[in-house]
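The values are calculated or read from the model by the stated rules, or taken from the named source; none is laboratory data. All figures in this text were calculated on a predicted structure; none of them were measured in a lab. Neighbour counts run over all protein chains shown; Cβ positions are idealised from the backbone, glycine included. All accessible areas refer to the heavy atoms of the entire protein, side chains included, with ligands and DNA or RNA removed. Shrake-Rupley method; radii C 1.70, N 1.55, O 1.52, S 1.80 Å.
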Amino acid sequence: MTINRLAVFCIPRMNCVFTLKNTKWTLLVTWIVILAMTTFSILLSPIRKFNKETLNYDEDEEAIINDAVLYQISESIDYCIPFLIISFYIVIYIAIKRQRRVARVESAGSMRSKEDRRLLIQAFIITFLLELCNLMKLTGSYDYDESTGW
């Protein structure tokens, strides 16, 4: 969705990728990228088993593909994508503001300005939630405290 909005507002020549005729290819490429990222994440992450007594995951074995460099690349991509999304949305927001300034549309100007800000707020919310998901991976391994039961 971010790339589509970037194409519409900033790179109009790229709109041919998002025509009705080419949408199936765009979706196919998107699904291939998603499946590749998910597969790399599964294959490169250490195998973990859930321990019912401690309510925690124990890393029992090595990853299926034990390559530290590929693992770091995969993790870095997971953390960079939300920031890439927000930077694209900031570029889109600036492009919309420039286009509106050039058009000098006085009618409904304040309403459009609110919509522009909502687009940017939506992008910040998406970025925050994606990064929150990434942070949950880091905080998922707390030690079990038997005195409190948590």
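Ranked by the mean number of other Cβ atoms within 10 Å per residue, highest first, peptides 31-41, 113-123 order as 113-123, 31-41. Shown in residue order for segment 30-47 are the 3J(HN,Hα) couplings computed by the Karplus curve 6.51 cos²θ - 1.76 cosθ + 1.60 at θ = phi - 60°: 4, 5, 5, 5, 4, 5, 5, 5, 5, 5, 4, 4, 5, 6, 8, 7, x, 6 Hz (x for Gly and Pro).
Keeping all protein chains in place and using 1.4 angstrom, which order do Asp78, Asp67 fall into by accessible surface area, from largest down?
Solvent-accessible surface, decreasing: Asp67, Asp78.
Ranked by the mean number of other Cβ atoms within 10 Å of their residues, highest first, the peptides 79-91, 124-136 come out as 79-91, 124-136.
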